[in-house]
Amino acid sequence: MGATKPALVANWETLQRIFIRPEDEDSRRTLIKYMEQILFGLHEFLKAHVGITREASLEALSERFTESRICSHPQKKLADVIQGIIEEIAPHAVNVASPYFIGHMTSAIPFFMVHLHTITAALNQNVVKMETSKVVSIIERQVLAKLHRLIFGCSGDFYNTHIQAPTSTLGGFVDDGTLANLTAMWVARNRCFPPKEGFEGVEAAGIAAAHRAYGVDRSVILVSGLAHYSLRKAGGVLGIGSGNIISVPSSVDHRMDPERLEAVIQELKSGASRTRILGVVAIAGATETGTVDPLDAVADICSREKIHFHVDAAWGGPTLLSDKYRSLLKGIERADSVTIDGHKQFYMPMGCGMVFFRDPRVMDLIAYHAAYINRPGSVDLGIRSLEGSRPAVSLVLGSALEIMGSRGYALLIEHGIETARAFAEEIEKRPLFALVTPPQLNILTYRVFPEEIRRRWASTGPEERARLMRQGNEINIAVQRIQREAGQSFVSRTTLDNAVVLRAVIMNPMTHMGILRDILDEQEEIYRREVLRKA
Ligand SMILES: Cc1ncc(COP(=O)(O)O)c(C=O)c1O
């Protein structure tokens, strides 16, 4: 029998030790040992495990974690916690870094991101105010200006004037794309209902008072057919109602149809209820299809109608770094506001949303002050920010831009787009599959469309087609599920025009055509082995 470990106790002496700083050789060694344990332990996991396996079901995992009391004494030392995470938790997490994981917008990150994230944790700056971040807030403004320039391309003079001016705000960091879209719509709403004689503005008086003051029955936001559901959340939070987020029908290529947009606007303007359009939201890289709306045409309509034009480029924004493909986003520079996510195609760890405004004064519409921080006249970033305390993820992005250069990011973007195109060609070559949405950027959808169904589809009427659609959907659901559970690779699925489709997001630079062929081979094999045989 091994010696029993001494019980762990929480006391002042041990507390002192956990606030350890690398002051002497011993503490340095200890800190390095833990970092090594994390970096190399997890590295092994990242190499060894793929996908979402059925080894442990969600039910079985849930049964392991049912303790709802906090233990009064310490249960584990840090080394044991780290080892436990490496051995017990990581194998049941999802290896999103695998090149065979092509189902979502979450993927491998360059290893330096882990180091940069460690720096922000170690510095623990709070960019809500200068008093807890000083130069880090100033750097954040520089990072925002760099991306603002990438999007809007204003003059050098413009940036010299606004980059560090306390009264100018080129944009803001938030936790994610959802909050970035919400911030943009918050500003758009306040632009529509500013203070006037007898009315203190929608921000103070609320939406009902704004409608009364402006003689409006309802406010709406017009969005692209494939708009992210975060915009419906914004409708709810901003008090206009998620039901007033109106989807503009798309054309056959799943992009917003400018003629239909025009028609919806005219219909709303001439309708019986007095409707205020707070904004139009186009997408540059739709979540499901990666499609880019015709930004220039939408911008023409918005500028003529004087409607706030927002581009949700949460996914596609970094395409602007590629000289070869930036024209795919032509017209984005005419937006009033733009969302971009750092944790998507800037390959950052989770938790970096950004919103940018062409007009550096427009974020004043959401300014808040408090007596203890963010006092009027101060330069605190928390004055015009949805969130309060925030980590300095801008330091990570700013450093990543220095490490990668725009060309480094462009290589990643170009690899994604070109591999997606080659993948689409491969899909079209294989008789079992049909390409549903070709890649405009680096996302595509396709479906298993067996010869038998394809033949009948071509020669039958709507009722039989509906039945064939259901049958085809069941096949695609089964193939996707079985592949996911086998754990070798992962492709996601969604539904477009009632058809269940398989969705591939090509962002991992390690994903190459050999891997994509393997994924299709596996799907063919699953179809033959599991679906066809059981039918
Ligand atoms: C186009 C688009 N907008 C917004 C979002 C929301 O981003 P987040 O998940 O970071 O909130 C997503 C997420 O996938 C997206 O694809």
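Each value in this text was obtained by applying a stated rule to the coordinates, not by laboratory testing. Here the structure is a predicted model, which is why all the values come from computation and not from measurement. Please note: Cβ atoms are built from the backbone with ideal geometry, for glycine as well, and neighbour counts cover all protein chains shown.
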Between Ser72 and Glu59, 0.36 nm times their residue separation minus their Cα-Cα distance comes to what? 1.9 nm
Rounding to the nearest 20 debye, state how big the charge dipole of the chain is about its Cα centre with +1 on each Lys and Arg Cβ and -1 on each Asp and Glu Cβ. 560
At what distance in angstrom do the alpha carbon centres of the range 256-281 and the range 305-343 lie from each other? 22
At a temperature of 4 °C and a viscosity of 1.567 mPa s, determine how fast the range 12-95 diffuses translationally according to Stokes-Einstein, using the Kirkwood radius over alpha-carbon pairs as Rh; express D in µm²/s, rounded to the nearest whole number. 84
Could you give the C-alpha radius of gyration of the range 54-186 expressed as a fraction of 2.2 N^0.38 Å, taking N as the number of residues it contains? 1.51
Applied in sequence order to the range 321-329, the curve 6.51 cos²θ - 1.76 cosθ + 1.60 (Karplus, θ = phi - 60°) yields integer Hz couplings, x standing for Gly and Pro, of 6, 9, 4, 5, 10, 4, 5, 4, 9
If you consider only alpha-carbon coordinates, what radius of gyration and Dmax does the range 381-508 have, in Å? 20.5, 63
Assuming R0 = 45 Å, what is the FRET efficiency of His43 and Asp359, from their Cβ-Cβ distance, to the nearest 0.05? 0.50
Between the range 148-183 and the range 362-397, how far is it from one alpha carbon centroid to the other, in angstrom? 13
Defining a contact as two alpha carbons under 8 Å apart and six or more residues distant in sequence, what relative contact order in percent does the chain show? 18
Per residue of the range 333-349, what does 6.51 cos²θ - 1.76 cosθ + 1.60 with θ = phi - 60° give for ³J(HN,Hα)? Whole Hz please, x for Gly and Pro, Karplus curve as stated. 5, 9, 6, 7, 8, 9, 9, 9, 9, x, 7, 9, 8, 9, 6, 9, x
In nm, the gap between the two label points placed 7 Å beyond Cα toward Cβ at Asp26 and Glu463 is 8.5
Longest to shortest principal axis, alpha-carbon extents of the range 227-278, angstrom: 31, 28, 13
Checking rank on 136-147, 109-120, with mean other Cβ inside 10 Å and highest first, the result is 136-147, 109-120
Excluding same-chain residues fewer than 8 positions from Lys76, which lysines have a Cα within less than 25 Å of its Cα? Lys5, Lys33
Could you compute the net charge surrounding Gly398? Neighbours are other residues with a C-beta less than 14 Å from the C-beta of Gly398; K and R count +1, D and E count -1. +1
Could you state the orientation-averaged shadow area of the convex hull built on the Cα atoms of the chain, in nm² to one decimal? 32.2
Summed residue charge, Cβ within 12 Å of Ala420's Cβ, Lys/Arg positive, Asp/Glu negative: -2
Relative contact order, percent, of the range 328-433 when contacts are C-alpha pairs under 8 Å separated by at least 6 residues? 17
Contour minus end-to-end for Arg456 and Met35, with contour as 0.36 nm per residue of separation and end-to-end as the Cα-Cα distance? 145.6 nm
Hits among lysines - C-alpha to C-alpha of Lys134 under 24 Å, sequence gap 8 or more where chains match: Lys146
For Lys344, go through the aspartates and glutamates and keep the ones whose alpha-carbon is under 20 Å away, minus same-chain ones fewer than eight residues off. Glu140, Asp175, Asp176, Glu288, Asp293, Asp312, Asp323, Glu402, Glu414, Glu418
Below 12 angstrom from the Cβ of Met35, what's the summed charge of the other residues (Lys, Arg +1; Asp, Glu -1)? +2
In what sequence, highest mean first, do 328-341, 269-282 appear when ranked by Cβ atoms within 10 angstrom? 328-341, 269-282
Could you give each residue of the range 236-244 its phi-based ³J(HN,Hα) in whole Hz, using Karplus coefficients 6.51, -1.76, 1.60 with θ = phi - 60°, and x for Gly or Pro? x, 5, 7, x, 8, x, 5, x, 9
